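The values are calculated or read from the model by the stated rules, or taken from the named source; none is laboratory data. Everything numeric in this text was worked out from a predicted model, so none of it was measured. We place every Cβ from the backbone using ideal geometry, glycine too, and count neighbours over all the protein chains shown. Ligands, DNA and RNA are excluded from the accessible area calculation, which covers all protein heavy atoms including side chains. Shrake-Rupley method; radii C 1.70, N 1.55, O 1.52, S 1.80 Å.
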Amino acid sequence: MKIEFAPLNTPLVRRLQTAAVLLWVLSFLLLAQVCIGILVILIIYNYWFLYVPYLTWLYFDWCTPEQGGRRSQWVRSWTVWGYFKDYFPIHLIKTWNLDPSHNYIFGFHPHGILVAGAFGNFCTAYSDFKELFPGFTAYLHVLPFWFWCPFFREYVMSGGPVSVSRKSVSHVLSKEGGGNISVIVLGGAKESLDAHPGKFILFIRQRKGFVKMALTHGAYLVPVFSFGENELFKQVDNPEGSWLRTLQEKLQKIMGFALPLFHARGIFQYNFGFIPYRKPIHTVVGRPIPVPQTLHPTAEQIEELHQTYMEELRKLFEEHKRKYGN
């Protein structure tokens, strides 16, 4: 047992927390464009001694996001992430002990708008992950396009995220001796279009690739439900069949990622803005499902394990919804 002190909740601290979350949101929305702009400026003004070495290095470093990435403990320990975590706040709850001699796939649900719980718990040094799961290293798998942008890719990788490609997931799960965790937001971009407060629509029935990866590598499956994820933003109403939803789905197929139209609170007022609401996030890690290694799994084996996973996910939600549901 240990003594824990509640964080300060002064007006200054709350402003710092708001600023931290604003920087996080802007990094998603604008930082990539800024990085592209910097590269374009360097090329236009012919600062070749800056962009030529970088682009040369980028050519040889292109596959790093599929080979475990390049995390920086310094970046993960930035004070801003502590304020970010305490803004909501974000909590990580363990319900079962995991054996570090195995590798695992954490199926993260739901996607929400910007997966704040996944970032706060697995990409910063301020979560309780190391205390709850000693001996493990978690890798949050994100869409490959986050690594296509020069300069911005270095920032993304510094927090620990890696590509969600099969090659990348296979690299993480191939570690001998265990101790690696692939965190995959299984609902993906499509699920973000249904991220509305007060309801959960999970796109899991169509997702079976992660099951095949688990069987191929003998990685145990663990359902993870992040309560509060869908409460952070309000999204413009976009029911199935509406013109907006049709447009969003077409853009998703073209670009590979979704464009939900969301809003929340502002900096100095609570009526409108892009800063998420102060809603607690409880990321609950469920019971591991043992998976025997099967190098060439059949469709029947994949389907059976997929059904088992969905049942465990349903149990996890039902057991904790009254305690952590908003």
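Among the listed residues His196, His171, which satisfies the condition of being open to solvent by 20 Å² or more (accessible area, probe 1.4 Å), free of Cβ contacts under 8 Å to residues at least 60 places away in the same chain and not β-branched (Val, Ile, Thr)? Testing whether each residue is open to solvent by 20 Å² or more (accessible area, probe 1.4 Å), free of Cβ contacts under 8 Å to residues at least 60 places away in the same chain and not β-branched (Val, Ile, Thr) leaves just His196. The numbered conditions (1) among the aliphatic types (A, V, I, L, M); (2) outside any loop (DSSP other than H, G, I, E, B); (3) over 24 Å from Asn103 (Cβ atoms); (4) open to solvent by less than 60 Å² (accessible area, probe 1.4 Å) are all true for Leu316 except (3). Within region 248-265, no residue satisfies the criterion of being of a type in the set (Lys, Arg), crowded, with 17+ Cβ neighbours inside 10 Å and assigned to a helix (DSSP H, G or I).
Scanning region 72-111 for residues that are within 22 Å of Ser192 (Cβ to Cβ) and part of a helix (DSSP H, G or I) returns Phe84, Lys85, Tyr87.
Restrict the check to region 56-71 and report whether at least one residue is under 30 Å from Phe227 (Cβ atoms), open to solvent by 50 Å² or more (accessible area, probe 1.4 Å), at pLDDT 90 or above and part of a loop (DSSP other than H, G, I, E, B). For region 56-71, residues under 30 Å from Phe227 (Cβ atoms), open to solvent by 50 Å² or more (accessible area, probe 1.4 Å), at pLDDT 90 or above and part of a loop (DSSP other than H, G, I, E, B): present.
Within region 136-154, how many residues are part of a loop (DSSP other than H, G, I, E, B) and either closer than 17 Å to Gly187 by Cα or β-branched (Val, Ile, Thr) (or both)? Here the count works out to 1. For Ser101, the test of being closer than 29 Å to Phe233 by Cα and touching a residue at least 12 places away in the same chain (Cβ under 8 Å) is failed. Residue count for region 116-143, restricted to those that are farther than 22 Å from Thr64 by Cβ and either of a type in the set (Asp, Glu) or open to solvent by 10 Å² or more (accessible area, probe 1.4 Å) (or both): 9. For first residues located in region 305-316 and over 11 Å from His109 (Cβ atoms), partners that are among the basic types (Lys, Arg) and lie 6+ apart or on another chain with Cβ distances below 7 Å form the pairs His306/Lys208; Glu312/Arg287. Among residues of region 228-247 being in contact with a Pro (Cβ under 8 Å, 6 or more places away or on another chain), open to solvent by less than 70 Å² (accessible area, probe 1.4 Å) and not in a loop (DSSP other than H, G, I, E, B), the one that is farthest from Gly107 (Cα to Cα) is Arg245.
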